[in-house]
1. From Cα pairs below 8 angstrom and at least 6 apart in sequence, can you work out the relative contact order of the chain, rounded to a whole percent?
2. Between exposed trypsin sites (Lys or Arg not before Pro) in the chain, where DSSP calls loop and at most 16 other Cβ atoms lie within 10 Å, what's the longest gap?
3. Calculate the dipole size of the chain relative to its Cα centre from +1 charges on Lys and Arg beta carbons and -1 charges on Asp and Glu beta carbons; express the result in debye to the nearest 20.
4. Below 19 Å, Cα to Cα, which aspartates and glutamates can Lys83 reach? Residues fewer than 8 away in the same chain don't count.
5. Just one of (i) 50, 47, 14; (ii) 78, 27, 18; (iii) 35, 28, 17 is Cα extents along the principal axes in Å as worked out from the coordinates here. Which one is it?
6. List the residues whose amide H sits under 5 Å from the amide H of Leu85, counting only those 5 or more places along or on another chain, with H placed 1.01 Å from N in the peptide plane.
7. Within region 8-91, report the GluC sites (Glu not before Pro) that DSSP leaves as loop and that have at most 16 other Cβ atoms within 10 Å.
8. Dipole of the chain (Lys/Arg Cβ +1, Asp/Glu Cβ -1, origin at the Cα centre): which of Ser7, Tyr26, His45 lies farthest to the positive side?
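The values are calculated or read from the model by the stated rules, or taken from the named source; none is laboratory data. Keep in mind that what you see is a predicted model, and the values were worked out from it rather than measured. Here the Cβ positions follow ideal geometry from the backbone for every residue, glycine too, while neighbour counts run over all protein chains shown. For accessibility, only protein heavy atoms count, side chains too; no ligands or nucleic acids. Shrake-Rupley method; radii C 1.70, N 1.55, O 1.52, S 1.80 Å.
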Amino acid sequence: MWDLMGSLFSVVLALLGIILVLLLTYHVSRWYAAKLGPTAGGGRHIKIIDRVMVGKTGALLLVELSGTQYLVSVSERGAEILKELDEPVEA
């Protein structure tokens, strides 16, 4: 009987350890993503100001390049500049 209790305790302890590792990984990844900010992976001269998903594979992007902002359509078929904005949108 004590053998069964010891085995059960080991399984519960291992399960709690796995849950703890998963929770820690989740929180560290959220912290890291917040630290990188919305321009993560971007260049020094190109900024993605905003992004809206349109459908499963399409998106509209508000992109700033050298002080000029563009509305860009992106899909699996490619990207296209829809409009150059006359007045910049504040980030």
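1. It comes to 14 percent, rounded to a whole number.
2. 1-43
3. 240
4. Asp50, Glu64
5. (ii)
6. Answer set, sorted by chain and number: Gln69, Tyr70, Leu71.
7. Sparse-neighbourhood loop GluC sites (Glu not before Pro): Glu76, Glu90.
8. Going by the Cα projections, it comes out as Ser7.
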